[in-house]
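What follows is a single structure, written as structure tokens, with notes after it.
The values are calculated or read from the model by the stated rules, or taken from the named source; none is laboratory data. Note that the structure is predicted; figures quoted are calculated from it, not measured. Don't worry about glycine lacking a Cβ; one is built from the backbone with ideal geometry, like all the others, and counts go over all protein chains shown. Ligands, DNA and RNA are stripped out before the accessible areas are found, and what is left, the full protein with its side chains, is counted by its heavy atoms. Shrake-Rupley method; radii C 1.70, N 1.55, O 1.52, S 1.80 Å.
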Amino acid sequence: MSRQAAGLKAWIIQRLSAVYIVLFGSYLAIQLVFAPPASQAEFVAWVAAPLVALGLLLYIPLLLLHAWVGIRDVLIDYIKPYELRVGVLSFFALLLLGSGVWAIQAVLVARAMLSGPGITG
Amino acid sequence: MSSQSSPLSDRKPPLPPRPVFLDLWRIRLPLPGVVSILHRISGVLMVLAIPISAWLFGMAVTSETGFQRATGWLNSPLIKLLLLVLMWSFLHHLFAGIRYLLMDLGYAVDLAAARRTAALAAGIALVATLILGGGLL
Ligand code: HEM
């Protein structure tokens, strides 16, 4: 529970994002465990459904913010040498940013597939 | 501790032998401490899973072959075990996290209540892992 260099803003981000993750994350877990899609078509139809797509487009950045604030707290607690700390923090920042862009792109691809040949050609 | 050392004297009094007590079976970290460490470990485990999840998600959306590859991989026994660990991570972090949020709001902050809710959060997480894990396996 490190609050060093965290600041009130990070603390609030951590808590607000947690509330949304509780709701949408639980929905995702229950849906995928108890009614997993059987084919790509079914999966795409689910991802691209308006409420699911909107939910995901909100979920991805909020999850990544929460993960970033969290892993930053943990790394700052355990990695003391300055250069190493900056290096590892940058590594995680890039990893999370890349994951987010990749996941958002996948949601948009699913939307494009469903809206038909008009967009994807 | 010795009371004879004055701040002005640079001769330190001999230290009494320090109590080195590393009998791990007898160090009892209080339950809220255990729940707290597990909250941290579960959070880190889920962070590590993010890049792989994003990659699999992209693969499963893009083509039927990709979907088959992603689900085939997710259904292999070793990966299922990992998924079970992640499922527990999510649920423990969820209930321990909700407990923190309630404590931030001022609920259950005295020691006895904090102990009870720590046990409650960890317990519900384990039961929920069995239920969701049953659906997973
Ligand atoms: C399921 C709903 C979730 C809730 C209610 C929740 C709640 C919280 C709260 C309240 C904290 C702050 C703890 C503190 O200040 O000591 C926290 C920290 C953290 N969370 Fe979450 N979280 C959730 C999901 C996630 C997910 C999905 C991830 C992974 C991507 C995650 C990763 C982390 C990490 C790494 C920390 C830092 C842990 C620490 O400093 O010890 N959380 N979470």
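Summary table
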| quantity | calculated |
| --- | --- |
| Verdict on residue A:85 being within 16 Å of the ligand (Cβ to nearest atom) and of a type outside the set (A, V, I, L, M, F, W, C) | yes |
| Failed condition for residue A:83, given (1) over 19 Å from residue A:21 (Cα atoms); (2) surrounded by 12 or more Cβ atoms within 10 Å (Cβ to Cβ) | (2) |
| Residue check, residue A:22 over 19 Å from the mean Cα position of the chain (by Cα) and free of Cβ contacts under 8 Å to residues at least 60 places away in the same chain | no |
| Hits in the stretch B:98-113 (condition: of a type outside the set (Lys, Arg), within 14 Å of the ligand (Cβ to nearest atom) and under 16 Å from residue B:33 (Cβ atoms)) | B:100, B:103 |
| Out of A:18, A:45, A:41, sole residue that is under 17 Å from residue B:104 (Cα atoms), modelled with pLDDT of 95 or more, part of a helix (DSSP H, G or I) and not acidic (Asp, Glu) | A:18 |
| Where residue A:90 falls short, out of the listed (1) at the interface with chain B (Cβ under 9 Å from one of its Cβ atoms); (2) assigned to a helix (DSSP H, G or I) | (1) |
| Residue check for residue A:72: touching a residue at least 12 places away in the same chain (Cβ under 8 Å), of a type in the set (D, E, K, R) and in contact with a helix residue (DSSP H, G or I) (Cβ under 7 Å, 6 or more places away or on another chain) | yes |
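Listed here are the residues, each with its yes/no results for (1) near the ligand (Cβ under 10 Å from one of its atoms); (2) open to solvent by 20 Å² or more (accessible area, probe 1.4 Å).
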| position | (1), (2) |
| --- | --- |
| A:14 | yes, yes |
| A:30 | no, yes |
| A:34 | no, yes |
| A:39 | no, yes |
| A:46 | no, yes |
| A:53 | no, no |
| A:68 | yes, yes |
| A:71 | yes, no |
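Here is a yes/no grid of residues against (1) under 13 Å from the mean Cα position of the chain (by Cα); (2) open to solvent by less than 80 Å² (accessible area, probe 1.4 Å); (3) closer than 25 Å to residue A:23 by Cβ; (4) modelled with pLDDT under 95:
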position	(1), (2), (3), (4)
A:56	yes, yes, yes, no
A:61	yes, yes, yes, no
A:74	no, yes, yes, no
A:79	no, yes, no, no
A:94	no, no, no, no
A:99	yes, yes, yes, no
A:110	no, yes, yes, no
A:114	no, no, yes, yes
